1. Please go through the stretch 1-30 and give me each residue that is in contact with a strand residue (DSSP E or B) (Cβ under 9 Å, 6 or more places away or on another chain) and either of a type in the set (Lys, Arg) or assigned to a loop (DSSP other than H, G, I, E, B) (or both), ordered by number.
2. What number of residues within the stretch 14-50 are within 28 Å of residue 64 (Cβ to Cβ) and surrounded by 12 or more Cβ atoms within 10 Å (Cβ to Cβ)?
3. Could we say that residue 10 is more than 16 Å from the chain's Cα centre (by Cα), more than 22 Å from residue 64 (Cβ to Cβ) and among the polar types (S, T, N, Q) here?
4. Going by the conditions given, is residue 25 in contact with an Asp or Glu (Cβ under 7 Å, 6 or more places away or on another chain) and either in contact (Cβ under 8 Å) with a residue 60 or more places away in the chain or not charged (D, E, K, R) (or both)?
5. Residues in the stretch 1-29 that are within 30 Å of residue 54 (Cα to Cα), modelled with pLDDT of 90 or more and among the basic types (Lys, Arg): how many?
6. Which residues, counting only those in the stretch 34-43, are modelled with pLDDT of 90 or more and assigned to a loop (DSSP other than H, G, I, E, B)?
Amino acid sequence: MSEDPLSGLSRRKLEELRERIDRELQSCVIDGREGAVPMLVSNKGTRATLLICIPCFERLRLPQSRSEEGGGA
């Protein structure tokens, strides 16, 4: 039987690995894709952090000039 590859890792390395896995498993609120990152959005004084994958963010974001017109998130 092979040795457990995690048994040789320090507690700190295991915590870092757990955090990385948690980040990788976060799902996008738009398309459900894994690997979403927290994005801060605001609208008329309301702020929220949403998990959005980079492809959805790039597809849906407005250019800075348009977002200042009130049509952006």
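The values are calculated or read from the model by the stated rules, or taken from the named source; none is laboratory data. In this text the structure is predicted, and so the values were computed from the model without any measurement. Neighbour counts run over all protein chains shown; Cβ positions are idealised from the backbone, glycine included.
1. Restricting attention to the stretch 1-30, the residues satisfying the condition of being in contact with a strand residue (DSSP E or B) (Cβ under 9 Å, 6 or more places away or on another chain) are 23-30.
The answer is 23, 26, 28, 29, 30.
2. Going through the stretch 14-50 one residue at a time, the tally reaches 14.
3. Details: more than 16 Å from the chain's Cα centre (by Cα): yes; more than 22 Å from residue 64 (Cβ to Cβ): yes; among the polar types (S, T, N, Q): yes.
Taking the combined requirement at face value, the residue satisfies it.
4. Values: in contact with an Asp or Glu (Cβ under 7 Å, 6 or more places away or on another chain): yes; either in contact (Cβ under 8 Å) with a residue 60 or more places away in the chain or not charged (D, E, K, R) (or both): yes.
Criteria met by residue 25.
5. Residues in the stretch 1-29 being within 30 Å of residue 54 (Cα to Cα), modelled with pLDDT of 90 or more and among the basic types (Lys, Arg): 3 in total.
6. 36
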